[in-house]
Amino acid sequence: MKIYELIKEKRENKGLTQENVAQVLNVTRQAVQNWEKNKRAIPNELLAEYFNLLELNAHEILSVFDFLESNNLIMTAIDYSSDGIIKFEKNERNTILSNYPTLYLGVGQKLNQYSGQTKQLVYVGEASSIVRRTMEHLRSSDDKLNAIKSDSDGEKEKLYIIGHTKFNKPATLELEQMFMNYLLGDKKFEKIYNGRNNGLSIDFYGREAYRTGIFPEIWERLYKQKVVSSIRDIRNSALFANSPFKSLSRQQEQAKNEIGLVIAETLVNGANNKVIKIQGLAGSGKTVLMSQLFYDIWRNPYPVLNDDLKTQHTSKTVLLVRHEQQRRTYEQIAKKLNMGSDVVMDVPRFINEGKMVDVLLVDEAHLLWSGNYGRVNKNQWKPDLIALHELARTLVVVYDPKQVISARSKVENNVDLFNLLNGLDTKTVYLDDQWRIQANQETQKWIKDLAHFEKNSLVTIPDDEAYDIKFFDEAKAFKEAIKIKNQDDGLSRIVATYDWQYSQKSRPKDGKYWTVNFGTEVMPWNLELSEVQEAQKKQIPWQEINESIGEVGSDFTVQGIDLNYVGVILGPSIIWNEKSNSLDINADFSYDHLKIRKENGNYNTIENKAFLKNVVNILLTRGVHGTYIYAVNNELRQKLQSLNK
């Protein structure tokens, strides 16, 4: 069946109109009609979203690109050795594996003496001639495959060789990049020995067939051989979500190139203290861009002109984040990619050490402290951003004013801080494409308006096949719905506004845990369960801990992360403003007293409400595929119920 015939048949079988499809893909109905009549080709950049909407399976995707006619995906495993490749050459002469480009994985195993677990070491590559390339690996004294063999127990290593009659150079480069992306998120692997991001092309013919057809088939074969974990488990990992090997959008690529040029020009001229700001709303792909910048600059450091204006050194790069859960993720990425120690640090430690670096990357810079809340000697203390600026030749920050959630991070009252972020000498790069929320444009706008407390934002939920929004009247049903989503799809959690008492330094007088009480339900706050605390000691992010499904997260644990489905408890501080028909804040009901300050005997100030609105924005923009909401306030809950379809 031809592609234009298949897309029409699948659309009709799903009961969708051409207008429905056009709305999801943000195109005109005429464009969809032209595709279905074979008058125009579907743009390659829309194929992934289009196929996902129509729920095409791998077999159907392969068929529309004529991949099933050959059906020649071949995989074999050999010992990584001279004898192994010589035997392979003899047995596979004039076959697909010897006559076509191939993808290959070198895999070794190593017992961790501390955990008692056996983990794998891996290198992934591609070759036009696997025999010649393997011989080159074996002969090289400084080679990644040889390093794996040397580091593996018994110095044993397997080489998995994968071929297909449809493989070509762009295809194998694409698959190599995808393997690095998925292997990073696979808990079976302790280290990835690849030394570069292969810089794959943005697009090429049939790319989607390789991405959604061939790659899953290769991965499934390796999964059945117990070499890799399931794709679902990997996609639900924080390392995968923040991988530096992800394909960037055109906007992100442009931003990355602009930032790179500014850094290079600054360092090669011996300049200091340049500030580059990456700004965008929640879910716009800022962290993915930062992760790739971090890895690429580390792998390919810039030349830096020394103070003598004659000699040079190669740039040193450090990444900081004042968010414990996000820092854990970056630390794991650095460890798995052999990036060395002290390339990821927390902000106070870096400032205290006081060592100058050439490139300083700061994620979640809207969390930096503007006041002396760490009780540092007042003669030595400076606001975080100013202290970091003085220690960096180039400073790259991710900043979203809509995620400033505390008076501790306020910059408006400090002219120096404000100018560092917004001055004429600061290079600002904007990201406005939505990456996280996999919904049509109308739904994305609906969520944005709701989360930003816009006037008349409490309106009926838009029609959207791809995104699930529900308001709940019963707390128990809300809780069970998220648990079911976690069982079915994984990575689904409940979060709440900070409207219930909590303290890390003390225990409640009347119970074992600090709890969130909503409707008929009572659940522990985040990081209360002993199993979660033990997992945190192992540097596992909160959302990846199985037992955290039994807790309620907060902005502290989920800022900057993706969840497949998020269940948001809007606590007593979140009310319905009938006049503006939007959410509103009654700050007197908030327990978030570290973020807000009392004035004239109450917390209900314009500034406090702005901070708490930003917390709600963070919570409501975590869901990739769906957002479920339960409101504690009776009037708001009833209003939200009226918006359900």
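Details
- Residues in region 303-334 that a label on Leu261 would reach, taking backbone N under 19 Å of a point 7 Å out along Cα→Cβ: 303
- Taken over the Cα atoms of region 433-501, the convex hull encloses 145 Å³ per residue.
- Shape class for region 390-453: prolate, because the ratio a/c of the largest to smallest gyration tensor axis (alpha-carbon atoms, square roots of eigenvalues) is 1.5 or more and a/b beats b/c.
- Fraction of beta bridges assigned by DSSP in region 292-439 that are antiparallel (%, nearest 5): 20 percent
- What region 508-645 shows is 42 Å² of accessible area per residue, with the surface traced by a 1.4 Å probe over protein heavy atoms.
- For region 507-556, pairs of C-alpha atoms spaced more than 18 angstrom apart make up 30 percent of the total.
- Centroid-to-centroid, using Cα positions, region 219-286 and region 123-140 are 27 Å apart.
- Top positive-direction residue, dipole computed over region 126-248 with Cβ charges, set Phe240, Met135, Tyr193: Phe240
- Ranking Leu16, Thr102, Phe88 by Cα position along the charge dipole of region 1-132, where only Lys, Arg, Asp and Glu carry charges on their C-beta atoms, puts Thr102 farthest toward the positive end.
- With Cα atoms as the point set, the radius of gyration and Dmax of region 130-175 evaluate to 13.0, 37 Å.
- Mean shadow area of region 478-624 over all directions, Cα convex hull, nm²: 10.0 nm²
- The reciprocal of the average 1/r between distinct C-alpha atoms defines the Kirkwood hydrodynamic radius, which for region 464-543 equals 14.7 Å.
- Evaluating kT/(6 pi eta Rh) at 10 °C and 1.306 mPa s, with the Kirkwood radius of region 16-140 over Cα pairs in the Stokes-Einstein relation, gives 84 µm² s⁻¹.
- Theoretical FRET efficiency, 1/(1+(r/R0)^6), r = Cβ-Cβ of Glu136 and Asn52, R0 51 Å, to 0.05: 0.80
- Over region 389-497, accessible surface divided per residue gives 46 Å², non-protein components excluded, 1.4 Å probe.
- DSSP-loop trypsin sites (Lys or Arg not before Pro) across region 366-467, with at most 15 other Cβ within 10 angstrom: Arg375, Lys378, Lys455
- For peptides 520-527, 611-618, sequence by mean Cβ density within 10 Å, most packed first: 611-618, 520-527
- Percent carbon-and-sulfur accessible area, region 404-500, ignoring ligands, DNA and RNA, probe 1.4 Å: 42 percent
- Computed over protein heavy atoms with a 1.4 Å probe, the accessible surface of region 215-302 works out to 38 Å² per residue.
- Per residue, the Cα convex hull of region 63-133 amounts to 131 Å³.
- Reference-scaled alpha-carbon Rg (2.2 N^0.38 Å with N residues) for the chain: 1.02
- Loop-located GluC sites (Glu not before Pro) across region 353-439 with a Cβ neighbour count of 15 or fewer within 10 Å are Glu412, with loop assigned by DSSP.
- Whole-percent carbon and sulfur share, accessible surface of region 241-354, 1.4 Å: 47 percent
- Measure of compaction for region 361-420 (Cα Rg per 2.2 N^0.38 Å): 1.08
- Computed log₁₀ I(q)/I(0) - Debye formula, equal Cα scatterers, no solvent, region 405-551, q 0.12, 0.13, 0.19 Å⁻¹: -0.81, -0.93, -1.27
- Computed over region 473-597: relative contact order in percent, which uses C-alpha pairs under 8 Å that are six or more apart: 32 percent
- Eligible lysines near Lys455 by straight Cα distance, threshold 23 Å, same-chain separation 8 or greater: Lys402, Lys445, Lys470, Lys579, Lys609, Lys613, Lys639, Lys645
- In summary, the lysines within cross-link reach of Lys39, defined as a Cα separation below 26 angstrom excluding same-chain residues under 8 places away, comprise Lys2, Lys8, Lys10, Lys14.
- Helix axis angle, 82-91 relative to the chain longest principal axis, alpha carbon, degrees: 70 degrees
- Relative to the longest principal axis of the Cα atoms of the chain, the long axis of helix 475-489 lies at roughly 10 degrees.
- Centroid-to-centroid separation of region 462-506 and region 332-401 [C-alpha atoms, Å]: 33 Å
- Region 112-192 - Rg and Dmax from Cα coordinates, angstrom: 14.2, 45
- Too-long pairs where the Cα-Cα distance tops 32 Å, listed order kept, from Lys187/Lys485; Lys316/Lys598; Lys191/Lys427; Lys256/Lys448: Lys316/Lys598; Lys191/Lys427
- From largest to smallest, the equivalent ellipsoid semi-axes obtained for region 299-394 from the alpha-carbon gyration tensor read 24, 20, 10 Å.
- If you wrap the Cα atoms of region 586-645 in a convex hull and average its projected area over all directions, you get 5.2 nm².
- Tail fraction, Cα-Cα pairs, region 217-287, threshold 14 Å, whole percent: 73 percent
- The value given for region 157-285 is a Kirkwood hydrodynamic radius of 17.1 Å, derived from the mean inverse Cα-Cα separation.
- P(r) histogram, all alpha-carbon pairs of region 4-84 included - 5 Å bins from 0, percent: 3, 13, 21, 22, 12, 6, 6, 5, 4, 4, 4, 2, 0
- When Lys382, Lys256, Lys274 are compared by accessible surface with a 1.4 Å probe, the order from highest to lowest is Lys382, Lys274, Lys256.
- Label zone at Gln380, where the point sits 7 Å out along the Cα-to-Cβ direction: region 337-353 residues whose backbone N lies under 19 Å: 346-353
- Over 21 Å [Cα-Cα, region 215-342], rounded percent: 52 percent
- Between Thr17 and Glu635, the simple label model (points 7 Å from Cα in the Cβ direction) yields a spacing of 3.8 nm.
- Axis of helix 215-224 versus longest Cα principal axis of the chain: the two differ by about 80°, to the nearest ten degrees.
- Contour minus Cα-Cα distance for Thr314 and Tyr223 (0.36 nm per residue): 28.7 nm
- Accessible carbon and sulfur surface of region 134-238 relative to its total accessible area, %, 1.4 Å: 46 percent
- Share, in percent, of DSSP beta bridges within the chain that are antiparallel, nearest 5: 45 percent
- Shape of region 315-454 from the C-alpha gyration tensor: oblate (a/c of 1.5 or more and a/b not above b/c, with a ≥ b ≥ c the square roots of its eigenvalues).
The values are calculated or read from the model by the stated rules, or taken from the named source; none is laboratory data. Owing to the predicted nature of the structure, the values given are computational and were not obtained by experimental measurement. FYI the Cβ positions are ideal-geometry reconstructions off the backbone, even for glycines, and counts take in every protein chain you see. These accessible areas exclude ligands, DNA and RNA; they are computed on the full protein's heavy atoms, side chains included. Shrake-Rupley method; radii C 1.70, N 1.55, O 1.52, S 1.80 Å.
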